[in-house]
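The values are calculated or read from the model by the stated rules, or taken from the named source; none is laboratory data. Owing to the predicted nature of the structure, the values given are computational and were not obtained by experimental measurement. Please note: Cβ atoms are built from the backbone with ideal geometry, for glycine as well, and neighbour counts cover all protein chains shown.
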Amino acid sequence: MAQSSNHAVGIDNTFRRKFDREEYLQRAREREEKEKEGRLKPKLKGPPVQRKPLKHRDYEVDLDSRLGKTQVVTPIAPLSQQAGYYCSVCECVVKDSANYLDHINGKKHQRALGMSMRVERASLEQVQQRFDLLKKRKTTGSFTEQDLDERILKQQQEEEERKRQRRERKKEKKKEKVADEETEMDPDVAAMMGFGGFRSSKK
Ligand SMILES: [Zn+2]
């Protein structure tokens, strides 16, 4: 009996969702109209954005300042403190130096800086000026071996000075530490642990 009613004509017992074709056709037409208007609008809105031609960087790219350093990374830390190279212009993190270079040379980044990827075509005059500039730089900045020696010496002196300062800082820290332990510890215990000996050898 149940079976016969299942096959009855005109009764829907499939439990599937049925769509009102007319209604959705109407909706689709409205959407198409809107899309047409929307598509036409931006063209009427005026000329396309003119971006400046590509310019060379006027700053040094910092790729290795954190080389060999250890950093604690947590997933809740702000983007700028997460593992990798942070781009403050696009607010994104790139995972390694090669990709970071690619990113800052890339279209998205340059666009954010207001530049297109087109390079300005240099005129003959500009090329000549550039040659003159480079020639001048070559003659004025004549470079001798003596200069090099001086520079090396200077650098060595600076390095020495830095080392000396580091050593002093370490010494001070040690002194503070010993002073702390002296106040905390019984003098006999301190002597037993070798702090007494350490102190006397220092003085
Ligand atoms: Zn960027």
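Remarks
- Pairs where the first residue, in region 108-132, is free of Cβ contacts under 8 Å to residues at least 40 places away in the same chain and the second is in a strand (DSSP E or B), C-beta under 7 Å, 6+ apart: 109/87
- Residues that are in a loop (DSSP other than H, G, I, E, B) and farther than 23 Å from residue 104 by Cα were ranked within region 117-134; the one that is nearest to the chain's Cα centre (by Cα) is 122.
- Residue check for residue 25: modelled with pLDDT of 90 or more and either over 33 Å from the mean Cα position of the chain (by Cα) or not in a helix (DSSP H, G or I) (or both): yes
- Within region 28-73, tally of residues that are acidic (Asp, Glu), over 30 Å from residue 100 (Cα atoms) and modelled with pLDDT under 90: 2
- Condition check for residue 74: away from the ligand (no atom under 15 Å from the Cβ), exposed (fewer than 10 other Cβ atoms within 10 Å of the Cβ), among the polar types (S, T, N, Q) and in a helix (DSSP H, G or I): no
Yes/no per residue for (1) away from the ligand (no atom under 16 Å from the Cβ); (2) at pLDDT 90 or above; (3) at negative phi:
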| residue | (1), (2), (3) |
| --- | --- |
| 83 | yes, no, yes |
| 86 | no, yes, yes |
| 111 | no, yes, yes |
| 122 | yes, no, yes |
| 125 | yes, yes, yes |
| 133 | yes, yes, yes |
| 143 | yes, no, yes |
| 154 | yes, yes, yes |
| 161 | yes, yes, yes |
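- One residue stands out in region 88-108 among those that are of a type outside the set (A, V, I, L, M, F, W, C) and touching a strand residue (DSSP E or B) at 6+ places or on another chain (Cβ under 7 Å): the one that is nearest to the ligand (Cβ to nearest atom), namely 103.
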